[in-house]
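Structure first, commentary second.
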Amino acid sequence: MPIVKESRLLNVGILGCGPIAQAAHFESAAKARNAALYAVCDVADDLRERMAIAHGAQKSFKDYAQMLADPALDAVIIATADGFHVEASKLALAAGKHVLCEKPLGISVEEVEDLQAAVKKSGKLLQVGHMLRFDPGLQSAKHFVDGEMGEMLALKAWYCDSTHRYTMTDAIQPLMVKSANARKPGTDPKANLERYFMLAHGSHLVDLARYFGGEIVEVEARLRQRFGAYCWFIDLAFASGAMGHLDLTVAIRGDWSEGVQIYGQNGSVSGKIYNPWYYKSSDVEIFHESNATTTRVLGADGHFYRRQLEGLADAALHGKAMAGATVEDGLASVRAMVAVAQSVASGKPVKLASVSGPV
């Protein structure tokens, strides 16, 4: 079907023209019913100009401050390396722009606490790019968990990357354009794979657990490394009293495996989550104890990246409640990841309220 744009659009600028912008955010801004790709910004001239032309951006900026000074710009998508997220978000907020920042929101508790204060001071919206919150299958489960299901007994969730992931995703993603002039962090993020995998993949898993289970107050984690694979088993204590267990493994010798199971007072949830680049809504079965039936969302819109931008635009333009992850959610996820690292190091449970420092 043709794209039908609303009469009022959120003018979006994308900071960073690297892989995540090329795979997700440029197309999302172009397809969003209530947003427009107004500008792109990147220090690499060749990459920036190619992306601006290819995706129809109205303006192109090499200097981030100049893009933020444009009065027609309403919001910024931060699509840079993790270490740049907080500073780029703070600059956008100070310029009076709304922010959609890629996950993880930051790499230390303290810097995200500073960002939280900046959000409050600015009066603007900041949404973290936990796009699974915009998966229709998982949203149906959330509606059930918050209503009919009653008290939660326990939650299990897993994120198991595959050694064959790129064989499959390279066939469906756009061909990534690179530039020798791209800005990179001072140190290689992949130099410490334990930290890199937790930030890149663990942030998704932790936010999924919090999305359904609420506040996590304590974690106890174990990590085993063998033949290039990293496997975390993480036990959770939720503030509600529910138990949780997370399995983060990168990478399994087998197919991609991601999902969630939830056991409740009046029913249960079983969800299979697909690799995000297939843009396929999760297969979620909800069992209703009251009538012994199972229900399931079918044929849902699975473009999570576009839907998360539309959610931010609805909140910014029309004052609707923000459905995505907030700065508080982003901070809680960073706390949880720090706690996991500290628990692995100490061999003991760690309470989230007591943690500080980097992931």
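Read-outs throughout are calculated quantities, based only on the coordinates presented, and are distinct from any laboratory measurement. Being a predicted model, the structure only gives us computed values, none of them experimental. In this analysis, Cβ positions are derived from the backbone assuming ideal geometry, glycine residues included, and neighbour counts consider all displayed protein chains.
In region 250-341, the inverse of the mean reciprocal separation of distinct Cα atoms equals 16.3 Å; this is its Kirkwood hydrodynamic radius.
If one computes the Cα centroid of region 247-321 and of region 104-125, what distance in Å separates the two points? If we compute the Cα centre of each part, the gap is 27 Å.
Considering only beta bridges that DSSP places wholly inside the chain, some 65 percent are antiparallel.
Taken over region 207-285, the convex hull of the Cα atoms encloses 105 Å³ per residue.
Taken over the alpha carbons of region 150-191 as equal point scatterers, the Debye sum produces base-10 log I(q)/I(0) values at 0.13, 0.16, 0.21 Å⁻¹ of -0.64, -0.80, -0.97. A DSSP coil position with no more than 15 other Cβ atoms inside 10 Å describes the following GluC sites (Glu not before Pro) in region 79-169: Glu148, Glu151. Each 20 Å bin from 0 upward holds the following percent of the Cα-Cα pairs of the chain: 29, 60, 11, 0. Under the combined filter of DSSP loop state and at most 15 neighbouring Cβ atoms within 10 Å, region 158-264 retains these trypsin sites (Lys or Arg not before Pro): Lys178, Arg183, Arg253.
P(r) for region 1-136, from all Cα pairs and a bin width of 10 Å, is 12, 45, 35, 8, 0 %, short bins first.
For region 116-205, the Kirkwood radius over C-alpha pairs fed into Stokes-Einstein at 37 °C and 0.692 mPa s yields D = 184 µm² per second. Estimated translational diffusion coefficient (Stokes-Einstein, Kirkwood radius over Cα pairs, 25 °C, 0.890 mPa s) of region 1-73: 199 µm² per second.
Shape of region 148-270 from the C-alpha gyration tensor: prolate (a/c of 1.5 or more and a/b above b/c, with a ≥ b ≥ c the square roots of its eigenvalues).
Straightening the chain between Glu6 and Ala191 buys 62.1 nm, computed as 0.36 nm per residue apart minus the Cα-Cα spacing. In units of the rule-of-thumb radius 2.2 N^0.38 Å, region 95-165 shows an alpha carbon radius of gyration of 1.51.
In straight Cα distance, which aspartates and glutamates are under 14 Å from Lys320, not counting same-chain residues fewer than 8 positions off? Partners within reach: Glu310.
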